[in-house]
Amino acid sequence: MRSASPSPAGAPGFLPAAAVDRNIAGIPPEVARQAVTWLVELQTAGPTSDTDQAIQRWRAQDPAHERAWQRIESVNARLGGLASPLGSTLAQAALTQPATHSRRQAIKLLALALFAGGSVLTVRDNAPWQAWLADEQSATGERRTLRLADGSKLQLNSDSAVNIVFSEKMRQLKLVRGEILIDTGRDDAFPQPRPFRVETRDGALVPIGTRFSVRLHEDRTRLDVFAGAVEILPSGAVDRKMTIAAGNSVEFADDTISATESADENRIAWQDHMIVASQMRLADFVAEVDRHRPGRLHCDPAVAELRLSGSYPLGEPEKILDALRSTLPVEIHYITRYWATVKASSRNR
């Protein structure tokens, strides 16, 4: 199991912060990764016509792509091309095998140098970059299962990210984005079991031989306990800690804990690649589908309170939208293939 990643600012070949702009360049992390991947490919293959043409096509696909490439060209020109620390790191990346952990890490370091000022301080509080740099991630529509070094089972829902720090004295997870489901292990390899702790920006969770899920919302964290118990320590009021027993669920922010509700197994149906709805509001259902589908899916307020029940497989989200049309008086309006809104059917207006 990996420990916390070393600070990129101390990585070999990294640029001094003064060498590039200190402000993040306004480029989404995924676009930054794509741009640097093309840069490494160009260094690997040389300026062949096929590579150049592929890069030109990518640049033309989206204005953000063009801004990202111009950023690369601007920084590289200022720093003297391959003679610079950037060039040295780029050359090292080009020499590693494609689709390997070493290549992926080199691309992350290059993206930080080019788009985040070469200093971890510029991205420490920026949520998209935090998630992109996390130890373990899942893409939109992807669900992952990991077995941790202590025997614990960790499952990541769609578009989730977590940092993992295991040492001789502790076991710690930091949820950066999305949702995780945890079955804690016995930690038999150590004479004295190490404390297990899950952190979010809102506080810490200390499980006691348990199975539980943690979901990070924009302004709160939700905990569902399915076995054992979990102690909550809100970050702004650790003296208000509370122990949540199996079968219960709460939401908490940095200094508050909500009233206890019943934990709902339907909320973790995603582990079986399903959404299970029981008289669920359409707005809430659409928000769940949106988590597992590329692009953006919205629900018109006019149909937000419609209710639906059923089990829906997550493998093909577009088929879920087809099912909505056949079971509710709604239709799907597409602006692009990925940008859509669920609205009232024109037949019922």
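Suppose each label sits 7 Å from its Cα in the direction of the beta carbon; what would the THR243-LYS169 distance come out to in nanometres?
The answer from the label model is 2.5 nm.
Taking amide H positions as placed in the peptide plane 1.01 Å from N, state which residues far from MET274 in sequence (5 or more) or on other chains have amide H under 5 Å from it.
Hits under the 5 Å cutoff: LEU314.
Pull up the cross-link candidates among the lysines for LYS108, meaning alpha carbon to alpha carbon under 30 Å and not fewer than 8 places away within one chain.
LYS153, LYS169, LYS174
Using mean Cβ contacts within 10 Å as the protection proxy, how do 203-215, 134-146 order, highest first?
Per-residue Cβ counts within 10 Å, averaged per peptide and sorted highest first, yield 203-215, 134-146.
Separation between the ALA139 and ARG57 pseudo-spin-labels, each 7 Å from Cα along Cα→Cβ, expressed in nm?
Label at ALA139, label at ARG57, 1.8 nm between them.
No value in this document is a laboratory result; all are computed from the given coordinates. Just so it is clear, the structure is predicted and the values come from calculations on it, not from any experiment. Cβ coordinates were reconstructed from backbone atoms using ideal geometry, including for glycine residues, and neighbour counts include every protein chain displayed.
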